[in-house]
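Student: Attaching a single structure in structure tokens format; questions to follow.
The values are calculated or read from the model by the stated rules, or taken from the named source; none is laboratory data. Nothing here was measured: the structure is a model prediction, and the numbers come from that model. Positions of Cβ are backbone-derived with ideal geometry, glycine not excepted, and every protein chain shown enters the neighbour counts.
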Amino acid sequence: MSSWNVKPTFMILLLTIFMFVYYLPVTNGIVIPKDFTKRDSEDDPYGINKICGGFQFKTPLDNKTISTDEPLHFYNGSYITCSWEKQPSSQVNRVIDVELFTTEGLITILRSEEIPMPNTQTEDVQVLLNIPSGVMLPQKFLLRSFAGTESGPHCTAYTKEFDVCG
């Protein structure tokens with residue numbers, strides 16, 4: 001009965017691997033076809049920039065523009081006026097919710113009733129700033145909203161940080 005010698009078998013296997021590696025074609029990267037459109041490029045009709053198209057909070061929160069450098073201050077239990085805008089080519093057709101965040105994450109959903117967005121902006125919506133007990137105040141928060149499209153993707157918009165006192 002013959003027995004396999006391990007060293008010659010290992011050497012043959014190693015030589016075979018080296019030959020395959022040596023004779024394989026050299027590739028420096030993936031070749032992208034000439035007519036291929038990169039996802040999220042300006043020309044991609046299904047890119048996130050075309051779908052979400054400038055979806056953002058428009059509202060001056062408490063009659064102050066979001067772009068100002070002065071901090072916004074609110075009280076727990078008060079109402080915040082919110083509205084949103086988008087570009088005319090955007091596929092966004094509704095605002096899904098308004099969520100309250102800190103840098104650590106989601107605190108609560110302030111509004112879950114959908115807001116139609118057939119045009120480039122929504123009507124003003126009053127959102128109750130109701131912070132759950134157990135959350136330390138004063139603290140900095142921000143709002144996030146999701147927007148929906150007919151094709152399914154969701155877009156997000158954020159406000160700048162604002163202060164909430166008890």
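Student: Sort out which residues of segment 76-92 are free of Cβ contacts under 8 Å to residues at least 40 places away in the same chain and not in a loop (DSSP other than H, G, I, E, B), and write them in order of number.
Tutor: Answer for segment 76-92, where residues must be free of Cβ contacts under 8 Å to residues at least 40 places away in the same chain and not in a loop (DSSP other than H, G, I, E, B): just Glu85.
Student: Just one of (1) surrounded by 14 or more Cβ atoms within 10 Å (Cβ to Cβ); (2) under 16 Å from the mean Cα position of the chain (by Cα); (3) among the aliphatic types (A, V, I, L, M); (4) assigned to a strand (DSSP E or B) trips up Leu106, so point out which.
Tutor: The single condition Leu106 does not satisfy is (1).
Student: Hey, can you tell me all the residues within segment 147-159 that are surrounded by fewer than 16 Cβ atoms within 10 Å (Cβ to Cβ) and at negative phi?
Tutor: Correct list: Glu150, Ser151, Pro153, His154, Thr156, Tyr158.
Student: Having 3 or more residues that are more than 20 Å from Pro71 (Cα to Cα), touching a residue at least 40 places away in the same chain (Cβ under 8 Å) and not aromatic (Phe, Trp, Tyr) is the bar; report the strands (runs of 3 or more DSSP E) wholly within segment 114-165 that clear it.
Tutor: So the answer is 139-149.
Student: Pick out the one residue from Ile115, Ile131 that is farther than 20 Å from Trp84 by Cβ and either touching a Leu at 6+ places or on another chain (Cβ under 7 Å) or surrounded by 17 or more Cβ atoms within 10 Å (Cβ to Cβ) (or both).
Tutor: Selected residue: Ile131, the only one of Ile115, Ile131 that is farther than 20 Å from Trp84 by Cβ and either touching a Leu at 6+ places or on another chain (Cβ under 7 Å) or surrounded by 17 or more Cβ atoms within 10 Å (Cβ to Cβ) (or both).
Student: Testing Val92 on (1) of a type in the set (A, V, I, L, M); (2) under 21 Å from Lys50 (Cα atoms); (3) surrounded by fewer than 16 Cβ atoms within 10 Å (Cβ to Cβ), one condition comes back false. Which one is that?
Tutor: So Val92 meets the others, but not (3).
Student: Within segment 93-103, restricting attention to residues that are assigned to a strand (DSSP E or B) and out of contact with any Lys or Arg (no Cβ under 6 Å at 6 or more places or on another chain), which residue is nearest to Thr156 (Cα to Cα)?
Tutor: Among them, the one singled out is Val95.
Student: For segment 103-156, enumerate the residues that are small (Gly, Ala, Ser) and over 19 Å from Phe55 (Cβ atoms).
Tutor: Gly105, Ser133, Gly134
Student: For segment 61-68, indicate whether the set of residues that are modelled with pLDDT under 90, assigned to a strand (DSSP E or B) and of a type in the set (A, V, I, L, M, F, W, C) is non-empty.
Tutor: Within segment 61-68, one or more residues are modelled with pLDDT under 90, assigned to a strand (DSSP E or B) and of a type in the set (A, V, I, L, M, F, W, C).
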